[in-house]
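In what follows, a single structure is set out as structure tokens and then discussed.
The values are calculated or read from the model by the stated rules, or taken from the named source; none is laboratory data. It should be emphasised that the depicted structure is a prediction, and the values quoted were computed from it without experimental measurement. Here the Cβ is made from the backbone with ideal geometry for all residues, glycine too, and neighbour counts use every protein chain on show. Each accessible area value is taken on the protein alone, full model and side chains, heavy atoms only, with ligands, DNA and RNA left out. Shrake-Rupley method; radii C 1.70, N 1.55, O 1.52, S 1.80 Å.
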Amino acid sequence: MLNDPRSHGLWEKTAPPPPVTGPLATDASADVIVVGGGFTGISAALHLAEAGRSVILLEGAEIGFGGAGRNVGLINAGMWVMPDDLPGELGDVHGERLLDLLGNGPRVVMELIDNHAIACELERNGTLHCAVGESGLREIEDRASQWQKRGAPVELLDAAETAARIGTTAYAGALLDKRAGTLQPLAYVRGLAHAATRAGVTLHTSSRVVSTERIGSRWKVATDRASVTAEWIVVATDAYSTGPWERVRTEQVYLPYFNLATRPLAPDLLSSILPKREGVWDTKEILSSFRMDKAGRLVFGSVGALRNGGAAIHKAWARRSLARLFPQLGKVDFECEWFGQIGMTTNALPRFHRFAPNVVGFSGYNGRGIAPGTVFGRVLARHILGEIAEAELPLPLTEPSDPPMRRLKEAYYEAGAQVAHFVGERF
Ligand SMILES: Cc1cc2nc3c(=O)[nH]c(=O)nc-3n(C[C@H](O)[C@H](O)[C@H](O)COP(=O)(O)OP(=O)(O)OC[C@H]3O[C@@H](n4cnc5c(N)ncnc54)[C@H](O)[C@@H]3O)c2cc1C
């Protein structure tokens, strides 16, 4: 995308094309302007158009340019925060609402994919959160019992069961979350964009919003070429936010994350490594993740940016880690490599903002945006349609606020991952 093979890597190579779109060239009006062509924005636009609203979506670059087109593709249920801790963080009402909404998030994603026949390599076999050592085991045991108490279909696997599912003996056990799965993220967001177009949404790409102005009871949103007026604005620009809502980006700390994809594996390897194609990540502080794509490429990732010295360090570390995890792989060649910036909030929870009257958005998914972005987009649509009052939203209203020492933390994460991977922290 934008001639940068390290931005969207494998997903760009294998995703079906997006709908044909172009920049906003003439002034227009609609009921709702959606800014941002990722999961949140396109889901909001699709659900609004299905309810009969006229919608113009303005994307600064291309559909899926932000986190949506760069991610690992794990359709997670819930957040990093332990289920029992959520009510403590958000209050009982919002905590339980959020747990319910996000616990059901993967189901909503899968239903959308089915209903709109989106070809995005969906795998419904769950995810495995793998325990590294005793402390990792305690963490997944806690998480499992907290979800089970709420009736969620999660299961603890012992070391032997984990090894049989993954093809490595590296882990002390795993939490199998049957609600979750994997998909090709750029294919999913492009498929949503096709569905939105069919529902009547007008999509404009290369249309970065640079300013907004209140005119009477309406908003005027301008790109550098033309403008749109509407009653509502949905801000769905998240960690890649620029322009009038840059505060959405600056209230998050960037955590760089890279992925490397092998060439398609031989059939004997595919029957020993992730034969059921669950998505995997581990309990380490500098975590690793892996999953298969449809063609049988192993996509392996961790914290770090593939730039400056990082590319060589992280790739060498990944080769060492894969050799330890899966000696059966032999010498590994990477077909694609890419990285992006995950936006982390101070309490690892997302945010709801009302920037001005009728200007609303959700953001800050902390590396878990596929299901949350999709369901929050739908929630925004229902809010604008008058079906959900602000007091009934799954998150309390907050003001964007910059975390202390953001730039320092970002530099530390990028450099720290290089040091950890250079000195040999493995798998
Ligand atoms: C490397 C990586 C790995 C990840 N792995 C996972 C994973 O496995 N599972 C998971 O659930 N989540 C994962 N995530 C997180 C997930 O990708 C994000 O949470 C998700 O993309 C957020 O969706 P969104 O639609 O809100 O924002 P985005 O997808 O970031 O889209 C925002 C869009 O807004 C546009 N924009 C910004 N400013 C403007 C403007 N002024 N005018 C017009 N357009 C603008 C941007 O160009 C961008 O396309 C990962 C993220 C990264 C970076």
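Can you tell me which residue within region 351-392, out of those that are away from the ligand (no atom under 15 Å from the Cβ) and either β-branched (Val, Ile, Thr) or in a loop (DSSP other than H, G, I, E, B) (or both), is nearest to residue 102 (Cα to Cα)?
First, the residues of region 351-392 that are away from the ligand (no atom under 15 Å from the Cβ): 354, 356-358, 382-392.
In the following step, the residues that additionally are either β-branched (Val, Ile, Thr) or in a loop (DSSP other than H, G, I, E, B) (or both) were identified as 357-358, 384-389.
Values: 357: 27, 358: 25, 384: 20, 385: 21, 386: 21, 387: 19, 388: 17, 389: 19 Å.
Once the filter is applied, the top-ranked residue is 388.
Considering only residues of region 55-67 that are open to solvent by less than 10 Å² (accessible area, probe 1.4 Å) and either out of contact with any strand residue (DSSP E or B) (no Cβ under 6 Å at 6 or more places or on another chain) or away from the ligand (no atom under 14 Å from the Cβ) (or both), which is farthest from residue 341 (Cα to Cα)?
To start, the set of residues in region 55-67 that are open to solvent by less than 10 Å² (accessible area, probe 1.4 Å) comprises 55, 57-58, 63-64.
Filter again for either out of contact with any strand residue (DSSP E or B) (no Cβ under 6 Å at 6 or more places or on another chain) or away from the ligand (no atom under 14 Å from the Cβ) (or both), leaving 55, 63-64.
Numbers: 55: 28, 63: 17, 64: 14 Å.
That would be 55.
Would you say residue 198 is of a type in the set (D, E, K, R), outside any strand (DSSP E or B) and more than 30 Å from residue 45 (Cα to Cα)? If you could, list the steps in order and put the result at the bottom.
Values: of a type in the set (D, E, K, R): yes; outside any strand (DSSP E or B): yes; more than 30 Å from residue 45 (Cα to Cα): no.
No: the conditions fail for residue 198.
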request  = Check 291, 263 and return the single one that is of a type outside the set (Asp, Glu) and in contact with an Asp or Glu (Cβ under 7 Å, 6 or more places away or on another chain).
outcome  = 263
ask   = Assuming residue 1 fulfils every condition listed in (1) open to solvent by less than 40 Å² (accessible area, probe 1.4 Å); (2) in a loop (DSSP other than H, G, I, E, B); (3) modelled with pLDDT of 95 or more apart from one, which condition is it?
value = (3)
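Where in region 259-347 are there strands (runs of 3 or more DSSP E), lying fully within it, with 1 or more residues that are open to solvent by 10 Å² or more (accessible area, probe 1.4 Å) and touching a strand residue (DSSP E or B) at 6+ places or on another chain (Cβ under 9 Å)? Working first, answer last.
On the way: elements: 279-282, 288-292, 298-303, 334-344.
Result: 279-282, 298-303, 334-344.
Report whether or not residue 162 is within 22 Å of residue 294 (Cα to Cα), without any contact (Cβ under 8 Å) to a residue 40 or more places away in the chain and not in a strand (DSSP E or B). Can you show your working first?
Numbers: within 22 Å of residue 294 (Cα to Cα): yes; without any contact (Cβ under 8 Å) to a residue 40 or more places away in the chain: yes; not in a strand (DSSP E or B): yes.
Against the criterion (within 22 Å of residue 294 (Cα to Cα), without any contact (Cβ under 8 Å) to a residue 40 or more places away in the chain and not in a strand (DSSP E or B)), residue 162 qualifies.
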ask   = Considering region 221-258 alone, what residues qualify as being in contact with a strand residue (DSSP E or B) (Cβ under 7 Å, 6 or more places away or on another chain) and farther than 26 Å from residue 71 by Cβ?
value = 221, 222, 223, 227, 228, 229, 230, 231, 232
remark   = When residue 12 is run through (1) at pLDDT 95 or above; (2) open to solvent by 50 Å² or more (accessible area, probe 1.4 Å); (3) more than 22 Å from residue 371 (Cα to Cα), the failure sits at (3)
ask   = Going by the structure shown, is residue 251 away from the ligand (no atom under 12 Å from the Cβ) and more than 26 Å from residue 378 (Cα to Cα)?
value = no
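Filter region 26-54 down to residues that are assigned to a helix (DSSP H, G or I) and not small (Gly, Ala, Ser) and give me whichever is surrounded by the fewest Cβ atoms within 10 Å (Cβ to Cβ). Step through it out loud before you land on a result.
Applying the first criterion (assigned to a helix (DSSP H, G or I)) to region 26-54 yields 39-50.
Right, trim to not small (Gly, Ala, Ser) and you get 39-40, 42, 46-48, 50.
Values: 39: 30, 40: 33, 42: 33, 46: 29, 47: 23, 48: 30, 50: 16.
Taking the candidates together, the pick is 50.
Residue under question is residue 169, and the condition is that it be surrounded by 15 or more Cβ atoms within 10 Å (Cβ to Cβ) and either farther than 26 Å from residue 1 by Cα or of a type outside the set (Asp, Glu) (or both); does it hold? Give the derivation first.
On the way: surrounded by 15 or more Cβ atoms within 10 Å (Cβ to Cβ): no; either farther than 26 Å from residue 1 by Cα or of a type outside the set (Asp, Glu) (or both): yes.
It is false that residue 169 is surrounded by 15 or more Cβ atoms within 10 Å (Cβ to Cβ) and either farther than 26 Å from residue 1 by Cα or of a type outside the set (Asp, Glu) (or both).
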Residue among 23, 18, 87 that alone is open to solvent by 10 Å² or more (accessible area, probe 1.4 Å), more than 29 Å from residue 299 (Cβ to Cβ) and within 14 Å of the ligand (Cβ to nearest atom) = 23
remark   = Scanning region 245-267 residue by residue, those of a type outside the set (Ser, Thr, Tyr), in contact (Cβ under 8 Å) with a residue 60 or more places away in the chain and more than 23 Å from residue 366 (Cβ to Cβ) turn out to be 261, 263, 265
Cβ pairs under 6 Å, 6+ apart, first in region 323-345 and more than 16 Å from the ligand (Cβ to nearest atom), second open to solvent by 30 Å² or more (accessible area, probe 1.4 Å) and part of a strand (DSSP E or B) = none
task = Scan region 372-427 residue by residue and report those that are free of Cβ contacts under 8 Å to residues at least 24 places away in the same chain and surrounded by 18 or more Cβ atoms within 10 Å (Cβ to Cβ).
result = 383
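Scan region 393-418 for residues that are charged (D, E, K, R) and touching a helix residue (DSSP H, G or I) at 6+ places or on another chain (Cβ under 8 Å) and jot them down. Before you say what the answer is, go through the steps one by one.
The initial filter retains those residues of region 393-418 that are charged (D, E, K, R), namely 399, 402, 406-407, 409-410, 414.
Listed by number, the residues that qualify are 402, 406, 414.
When residues of region 201-227 are filtered for being part of a loop (DSSP other than H, G, I, E, B), within 11 Å of the ligand (Cβ to nearest atom) and touching a helix residue (DSSP H, G or I) at 6+ places or on another chain (Cβ under 8 Å), how many remain?
So the count comes out to 3.
Taking the stated definitions as given, is residue 275 away from the ligand (no atom under 11 Å from the Cβ) and under 24 Å from residue 370 (Cβ atoms)? I'd like the intermediate steps shown before the answer.
On the way: away from the ligand (no atom under 11 Å from the Cβ): yes; under 24 Å from residue 370 (Cβ atoms): yes.
So residue 275 passes the test.
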